[in-house]
1. Quick one: in segment 40-67, of everything that is among the β-branched types (Val, Ile, Thr) and outside any loop (DSSP other than H, G, I, E, B), which residue is farthest from residue 106 (Cα to Cα)?
2. Does any residue of segment 362-380 turn out to be of a type in the set (Gly, Ala, Ser) and within 24 Å of residue 13 (Cβ to Cβ)?
3. Test residue 37 against the criterion of being assigned to a helix (DSSP H, G or I) and surrounded by 14 or more Cβ atoms within 10 Å (Cβ to Cβ), and give yes or no.
4. May I ask you to say which residue of 251, 300, 256 is acidic (Asp, Glu), in contact with a helix residue (DSSP H, G or I) (Cβ under 8 Å, 6 or more places away or on another chain) and either in contact (Cβ under 8 Å) with a residue 60 or more places away in the chain or over 24 Å from residue 360 (Cα atoms) (or both)?
5. Taking the residues in segment 5-34 that are among the hydrophobic types (A, V, I, L, M, F, W, C) and closer than 29 Å to residue 352 by Cα as candidates, determine which candidate is surrounded by the fewest Cβ atoms within 10 Å (Cβ to Cβ).
6. Testing residue 205 on (1) touching a Gly at 6+ places or on another chain (Cβ under 9 Å); (2) closer than 22 Å to residue 393 by Cα; (3) of a type in the set (D, E, K, R); (4) buried (at least 17 other Cβ atoms within 10 Å of the Cβ), one condition comes back false. Which one is that?
7. Of all residues being under 19 Å from residue 37 (Cα atoms) and touching a residue at least 12 places away in the same chain (Cβ under 8 Å) in segment 73-85, which is surrounded by the fewest Cβ atoms within 10 Å (Cβ to Cβ)? Just the residue, please.
8. Take residue 242 and tell me if it is in contact with a Leu (Cβ under 9 Å, 6 or more places away or on another chain), surrounded by 19 or more Cβ atoms within 10 Å (Cβ to Cβ), farther than 21 Å from residue 180 by Cα and touching a residue at least 60 places away in the same chain (Cβ under 8 Å).
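The values are calculated or read from the model by the stated rules, or taken from the named source; none is laboratory data. Being a predicted model, the structure only gives us computed values, none of them experimental. Quick reminder, even Gly has a Cβ in these numbers, built from the backbone with ideal geometry, and neighbours come from all protein chains shown.
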Amino acid sequence: MQTFDLIIVGTGTGNGIPAAFDDWNIALVEKDVFGGTCLNRGCIPSKMLIYAADQAAGFAEAAKLGVHGHLDRVDWPAMVQRVFGRIDAIAAGGEDYRTNRCPNVTVFRGEGRMVGPKLLEVNGEQITAPHIILAAGARPHLPGDVAGLDRVPLHTSDSVMRLAELPERMVILGGGYIAAELGHVFGSFGTQVDYVLRSSNMLRKCDDDVSARATQLYGQRFGLHRNSGELSVEPGPGGHGVLLRGVSGGEPLELEADVLLVATGRVPNGDLLGVAAAGIATDPGGQRVLTDAHLQTNVEGVWALGDLTNTEQLKHLANAEGRIVFHNVAHHDQPHRWQEIDRTLVPYAVFGHPQIAAVGLTERAAQGAGLPYTVATKDFGGTAYGWAMEDSTSFCKLIAHRESRQLLGAHLVGPQASTLIQPLVQGMRFGQTVDEMAREVWYIHPALTEVVENALLEL
C-alpha cells in the first residue's frame, strides 16, 4: 500500500492543483479522459456547437430585418472535428503534463473506490493519504420507467456531440437545460427534433414566466409532446433507429427517429466511488456526497466538490469550490472569508434558443417563502436596441423585497441573457438596493443593458 500526502479523485476541477502543493506527494486518480465533464462532454464542446447553431438559426430570423438568405449546407463532420480536434488535444496534453512533468504527482488510471476510511483502491492497488479530495463528478441519468431503454441504441450528452453523421430525425427525452441546448444545436442544423416531456413545460425549474415563454418558443420550432407517460422504446422498422410509443396529453404517441437522446438529468457518482465503505455521508440515494460549508465531509480530512456534492452542477460553482477546498486543505488552521461556500446567489444560464439566465429566487419561491415582494418585467423590444432587433419575445423579470429593497431574483430570456445578468449578480452579491442599482449606475444608450435599467427603475 502506497501512502501519499494528498489523493485527488477526478481530473476536472480536481486537476487545478495550486502551486502551494508543489512539495506535496500527490496521487491523482482518473478513470476517464483528463479534464472532466466540462472540457470533454459538457460546457466547452456544447457551446462551440451552439455558437455555430446560433449562426445557422440567424438565417431564418434575418428576414424580418430585410436580410434574405438561406443555409446552403451544414458540414457536421467538419464541426465535430473543429470541436474535438481541439478538445482531445487539450485533454491529452493535460494527462501528459501530470504524468510526465509533475514529479510530485503520481497518476493512477482506473476507477477508484473507497474500501475503508481514507483508503482507496485503484486497479487492485490500495493507496491512502491524510487528505483526500473527491471530485469525481456526475453521470447521465437513465430513467427506469421507460421500457426497452436497455434494448435500443441511445445517446446521452456524453456521446451525442460525437455522432459521425447529422441525423435526419431525433427524439429527445427530457426538457431541461441539456435537452434545450442540444435540441437547439441539432434543430438549427436541419434535424427534425421531437421533445417528449413528462411535465407540461420546458425548463420547469426556471421561473414560471420564463418556462412558459421557453415552452412557447420551442413549440414553434420543434415537436413538443407534453404530459407524457407509459413510454416504451424498441428498434425502429428494419432494425434501424428507434421507435417510441406512449401517451402524450392523454392521446396515443408514436415517434420514429434515427437517434434517441436521453437528457433527463445527471446524478452524482458517490455510489460508484463506494463512499459508504469509508463512512462518508451521502444523500438518501447514496449518490451525492454531503459536505459542510467548508466542503469537508463528515470524515475529517476528506473533502468533496463539484457535481459530486452540489445540486446545481455548474462549472463556475465547481471552480469556486475548488479554490475553497485547496485553500482549506493547505491552510485549514488559517480561516478567512474564502473558506466557506455560499450557494445562495449562484447564477446560471441556458444557452438554448432563446438564451436564458437567472440568479436568486423565482417568483414561485418568493411567494412560497411568504416574502413581501414586487415584480417588474420589461420587454427587450421596449428598448432602442431591442426595437432595432425587432424582438417581440424576450424580457427581463426582476423580483425585489418590498421593504428592504433588495433584489431577490433576476430572470432574463433573450439574446445575451447570460451577459446581461452579470451586473445584477454583482449588485445582489454586494448588497445594493434596486434603487442604487437603478440610479447610481449609468447604462449605455442604446445598449441592450437598458432593459435591465428599465426593469430596475420600475421597481
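1. Ranking the candidates gives 50 first.
2. No; the residues of segment 362-380 include none that is of a type in the set (Gly, Ala, Ser) and within 24 Å of residue 13 (Cβ to Cβ).
3. So residue 37 passes the test.
4. Every option except 256 fails the conditions.
5. Result: 33.
6. Only one criterion is unmet by residue 205, namely (4).
7. 82
8. Judged against the criteria, residue 242 is not a match.
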